[in-house]
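Notes to accompany the following structure.
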Amino acid sequence: MAEEKKLKTLATGDKTIPPEGAKMIPIYIMGREYMVPETLTIMKAVEYAGYSYVRGCGCRGGICGACGTFYRYIGDYRLRSGLACQTVAEPNMIIMQLPFFPANRPGYDLEKMHGAPHEELRRLYPEVFKCVGCGTCTRTCPMDIDVMDYIALMKRGDLKGAAIKSFDCVMCGLCASRCPAQISQFTAAMFVRRVYGKYILPKAAHVKKRVAEVRSGKYEKMLEELMSMKQEDVKKLYVEREREPDLAESGKWMPKETKNL
Amino acid sequence: MSGYTTVLAELIKKAEATRPARVEKARKGEHFPALTMEQRQQWLKKYHPDYKSDGRRKLLVGPNKGMELPEEVASLIESRSRLNTRAVDLKKADYETDLLVIGAGGAGTAAALVAQELGLKVLVSTKLRHGDSNTVMAEGGIQGATQEGDSPYFHYLDVIGGGHFSNAPALAAALTNDAPLIINWLEDLGMMFDKDPSGRMKVRHGGGTCRKRMHSSGDMTGAEIMRVLRDEARNRDNDIKMLEFSPAVELILDSTGKAAGAVLYNLETKEYYVVRAKAVVVATGGFGRLHIQGFPTTNHYGATADGIVMAYRAGARLKDLDSTQYHPTGAIFPEQNVGLLITEKVRGLGAQLLNVDGEQFCFPLEPRDVESACVIRECLDIGKGIVTPTGRFGVWLDSPMIDLLHGEGTVRKELPAKYIQFKRYDIDISKVPMLIYPTLHYQNGGIQIDEWSRTGIDGLFSAGEVAGGVHGRNRLMGNSLLDVLVFGRRAGLKAAEYAKSAKTGGTLSLKHVEDFNKEIEGAGIRNAGVSPILLPDYAPDHVKARQIV
């Protein structure tokens, strides 16, 4: 019973229960002061203050891009940005989340490019070529992506470089919200990554070969055999299956038993 | 300086004091004894949330009456509808569509894309934004037998062995047979797979695999899959209409019991909308945000089991829903990393688990469920957990051992993402340990489906984490991203066939909801709540006490 009691006083799920004597700090949610325990993320501090998220909250793990946030410290002119779920709330932060920002995203057909990929980029996103090189996007990006640099690579037609440089993008839209050239960097980058993935990265020949085999129905028979077996027999096969060595070279390594490949 | 508080920094000294001796022993290959098979069973029964009988109870209503479920899930299912059914005008549909997809994660988007290709008009209802789902959070990869030394046959063996032979064989066969098709589909859609210069896919092992078949895209494979699928769906927005922040709250059947649409609820304007559809796909994801028994979770904000609730009221059956995957090592400090998954690799490299006194209390590489039980036991029963400033408790994962065992720089080289995720908060995990506790990771079971994603209710299909049977009672890494796409696509395909051929257009009805409400009353359930809950409630008690409702 004592354990039960102990459990109940502890934090469960994502709800924060500060321990006795936790240090409280002032934060300003859209200008309004709240006292919250230190060490919380902005997201949890906002919830601690009593807000319930509908917008501006997603994976709570720094990958979905729902919780882009701008903030300043009282007395400091600099505008800062981060993801609310990844940034620690600190005293005298004035916080405003930006759960949505309108972006330019022209539709396109990946199967039908109008000319070379960089020509298609120019057709879809002419504004990319009007980048003034101010670097605000780079300073704004909560994922520490050098946004201005990948825009420069796009301008040069280096789509591979732009795809790789922009890969960590969570598409929160903060870059676009600050761009004086009115570029929607993150949607242009999405287009470029898909073009790179489809037309520039070399194709996996072994996948195409395996797809043909699957479509021929080759494996359905093998799988039916396994499905109709007694569980003990499947267990035996499971226990005895050969493990590919960790350092084996893909495409070269072959198991001893090749009947079921 | 480290990002630990002075109290925690003081406790770390105890772990540091025992470290040289522990490293010495590890070098000699001596380790803490693993539990015997009998002890494993005892520990699991006593401490693992899946085995403990307290915190679980039998369902009192519906097609699976008598099924034992976690208290939180049972209560959610045995709740009343959010709808006043009489106030909903079913005579006038606000939206008419061929296919309604509920949920816009990987499974829902895959279903929408396939159905659109087959000529359907698709309406997608989603609670948050398009792509807000557990799909985006999957890091490690997606399995598929694409290499010459591998085949769906061996993938199947891995899946079914990993699931302790409790999987539905037909689902495991569908999963593994379609896997290469999925990898190919993603490649054609322009996904940036990790490849060799020749174009060959880079593949790795996962826990329980006999072949290297884990395909990846950096350490954000799920996010890359999701943004590619979403981008493609946006290119087809003439036929795929997306309604964000408008979750479904009840399914609509027709007078003959076929699925015929849903009632959606606009979270912002609080309006409801009636959707009439020829077929419906439920792809709403898992239940991590129910925080079963108070556990933290790795799941997305929207993972509240809405689809389970709605489909069950409509008469769908459930499978293995009592089975939950807890990952033994979720971060509990600092606060911003709570629930963050700490990969098994950390223990694979030699890091040990330690209690508040800096002592080992278990073998670090027990199976996931057993390892979780050991940690829970140490904290709850033995009382040697470490309490954090935000009132959580856990044990140390002694990562500094890794560099001592394998050489300076190993942590940074082998665990770059984890290193950065802690370094950001001034914690250098190559120098100081991490605080961990088991975290709720995956809903193993769900709505019962067949290999074509059919639920048994005409016109109702289901796919992804909300559905059950594919993984049995335990899922292997890299098979959930695969699952959402295989069964999402199959749902889209079969829903399209159905929508084209079945006799649809009957009178819309919510009678099943009224009947279910009555059944709850009849079962004597008092204080029934209201569900689906749609979003978790994290308002602290001091706020709640003052809220004017």
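The values are calculated or read from the model by the stated rules, or taken from the named source; none is laboratory data. The structure presented is a predicted model; accordingly, all values stated were derived computationally and were not measured. Neighbour counts run over all protein chains shown; Cβ positions are idealised from the backbone, glycine included.
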Those residues of region B:386-419 which are within 13 Å of chain A (Cβ to nearest Cβ), of a type outside the set (D, E, K, R), outside any helix (DSSP H, G or I) and in contact (Cβ under 8 Å) with a residue 40 or more places away in the chain amount to B:I386, B:T388, B:P389, B:T390, B:F393, B:G394
Suppose we filter A:D168, A:D149, A:D109 for residues that are more than 15 Å from A:A188 (Cβ to Cβ), outside the structural domain of A:E38 (by TED's automatic domain parsing) and in contact with a Gly (Cβ under 9 Å, 6 or more places away or on another chain); which single one remains? A:D168
The number of residues in region B:39-74 that are among the acidic types (D, E), more than 22 Å from the chain's Cα centre (by Cα) and at pLDDT 90 or above is 0
Are any of the residues in region B:511-534 buried (at least 22 other Cβ atoms within 10 Å of the Cβ), touching a residue at least 12 places away in the same chain (Cβ under 8 Å), among the hydroxyl-bearing types (S, T, Y) and within 26 Å of B:Y273 (Cβ to Cβ)? yes
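Residue check: is B:G478 in a loop (DSSP other than H, G, I, E, B) and more than 30 Å from the chain's Cα centre (by Cα)? Break it down stepwise before answering.
Values: in a loop (DSSP other than H, G, I, E, B): yes; more than 30 Å from the chain's Cα centre (by Cα): no.
The answer is no for B:G478.
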Over region B:488-515, the set of residues among the polar types (S, T, N, Q) and either in a loop (DSSP other than H, G, I, E, B) or within 28 Å of B:I182 (Cα to Cα) (or both) is B:S501, B:T504, B:T507
Please list, ordered by first then second residue, the pairs with beta carbon atoms under 8 Å, 6 or more apart or interchain, first in region A:61-73 and touching a residue at least 12 places away in the same chain (Cβ under 8 Å) and over 19 Å from A:D14 (Cα atoms), second among the acidic types (D, E) and surrounded by fewer than 24 Cβ atoms within 10 Å (Cβ to Cβ). A:Y73/A:E90
Which condition number does B:I77 fail, the rest of (1) under 21 Å from the mean Cα position of the chain (by Cα); (2) under 30 Å from A:E220 (Cβ atoms) being met? (2)
Residue hits (region A:202-247; facing chain B (nearest Cβ under 7 Å) and small (G, A, S)) are A:A204, A:A205
In this structure, is A:F129 free of Cβ contacts under 8 Å to residues at least 40 places away in the same chain and either in the same structural domain as A:R80 (by TED's automatic domain parsing) or aromatic (F, W, Y) (or both)? yes
Can you pull out every residue in region B:16-41 that is assigned to a loop (DSSP other than H, G, I, E, B) and closer than 20 Å to B:V375 by Cα? B:H31, B:F32, B:P33, B:A34, B:L35, B:T36
Members of region B:253-282 found to be under 24 Å from A:P99 (Cα atoms) and not in a strand (DSSP E or B), listed by number: B:N266, B:L267, B:E268, B:T269, B:K270, B:E271
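Tell me, please, whether a residue that is under 30 Å from A:T39 (Cα atoms), of a type in the set (D, E) and either loosely packed, with under 14 Cβ neighbours inside 10 Å or without any contact (Cβ under 8 Å) to a residue 40 or more places away in the chain (or both) can be found in region B:56-69.
No, the conditions are met nowhere in region B:56-69.
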If a residue must be in contact with a helix residue (DSSP H, G or I) (Cβ under 9 Å, 6 or more places away or on another chain) and more than 8 Å from every other protein chain (Cβ to nearest Cβ), how many such residues does region A:63-74 contain? 6
Exclusive hit being in contact with a strand residue (DSSP E or B) (Cβ under 8 Å, 6 or more places away or on another chain), touching a residue at least 12 places away in the same chain (Cβ under 8 Å), surrounded by 15 or more Cβ atoms within 10 Å (Cβ to Cβ) and not in a loop (DSSP other than H, G, I, E, B), set B:L11, B:L44: B:L11
When region B:488-509 is examined, which residues are found to be of a type outside the set (A, V, I, L, M, F, W, C) and within 24 Å of B:W185 (Cα to Cα)? B:G488, B:R489, B:R490, B:G492, B:K494, B:E497, B:Y498
Only one residue in B:T298, B:T269 is within 14 Å of another protein chain (Cβ to nearest Cβ) and touching a helix residue (DSSP H, G or I) at 6+ places or on another chain (Cβ under 8 Å), so which one is that? B:T298
Considering only region A:192-243, state which residues are farther than 29 Å from B:N167 by Cβ, among the small types (G, A, S) and surrounded by 19 or more Cβ atoms within 10 Å (Cβ to Cβ). A:G197
For region B:85-100, which residues satisfy the criterion of being surrounded by fewer than 17 Cβ atoms within 10 Å (Cβ to Cβ) and of a type outside the set (A, V, I, L, M)? B:T85, B:R86, B:D89, B:K91, B:K92, B:D94, B:E96
Residue check, A:E90 against (1) free of Cβ contacts under 8 Å to residues at least 40 places away in the same chain; (2) over 30 Å from A:K198 (Cα atoms), all met but one. Which one? (1)
What pairs can you find where one residue is in region B:195-206 and facing chain A (nearest Cβ under 7 Å), the other is crowded, with 16+ Cβ neighbours inside 10 Å and of a type in the set (S, T, Y), and their Cβ atoms are less than 7 Å apart, with a gap of 6+ or different chains? B:R200/A:S250; B:M201/B:T146; B:V203/A:S250
From the residues in region B:420-443 that are among the β-branched types (V, I, T) and assigned to a loop (DSSP other than H, G, I, E, B), which one is surrounded by the most Cβ atoms within 10 Å (Cβ to Cβ)? B:I429
For region B:49-139, give me every one of the strands (runs of 3 or more DSSP E) that falls completely inside it and has 2 or more residues that are not assigned by TED's automatic domain parsing to the domain that holds B:A314. B:56-58, B:68-70
For residues that are surrounded by fewer than 23 Cβ atoms within 10 Å (Cβ to Cβ), part of a helix (DSSP H, G or I) and not polar (S, T, N, Q), tally how many sit in region B:293-318. 1
So, in region A:153-168, exactly how many residues are in contact (Cβ under 8 Å) with a residue 40 or more places away in the chain and within 11 Å of chain B (Cβ to nearest Cβ)? 1
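Looking only at region A:91-127, which residues are in a loop (DSSP other than H, G, I, E, B) and crowded, with 16+ Cβ neighbours inside 10 Å? Give the steps one after another, and end with the answer.
We begin by selecting, within region A:91-127, every residue in a loop (DSSP other than H, G, I, E, B); these are A:91-92, A:98-116, A:125.
Selection gives A:L98, A:P99, A:A103, A:R105, A:Y108, A:L110, A:M113, A:Y125.
What's the total number of residues in region B:444-463 that are part of a strand (DSSP E or B) and under 30 Å from B:A351 (Cβ atoms)? Before the answer, list the steps.
The initial filter retains those residues of region B:444-463 that are part of a strand (DSSP E or B), namely B:446-448, B:454, B:460-462.
Restricting the remaining residues to those that are under 30 Å from B:A351 (Cβ atoms) gives none.
The total comes to 0.
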So A:Y77 clears everything in (1) touching a helix residue (DSSP H, G or I) at 6+ places or on another chain (Cβ under 6 Å); (2) outside the structural domain of A:F191 (by TED's automatic domain parsing) except one condition, right? Which one? (1)
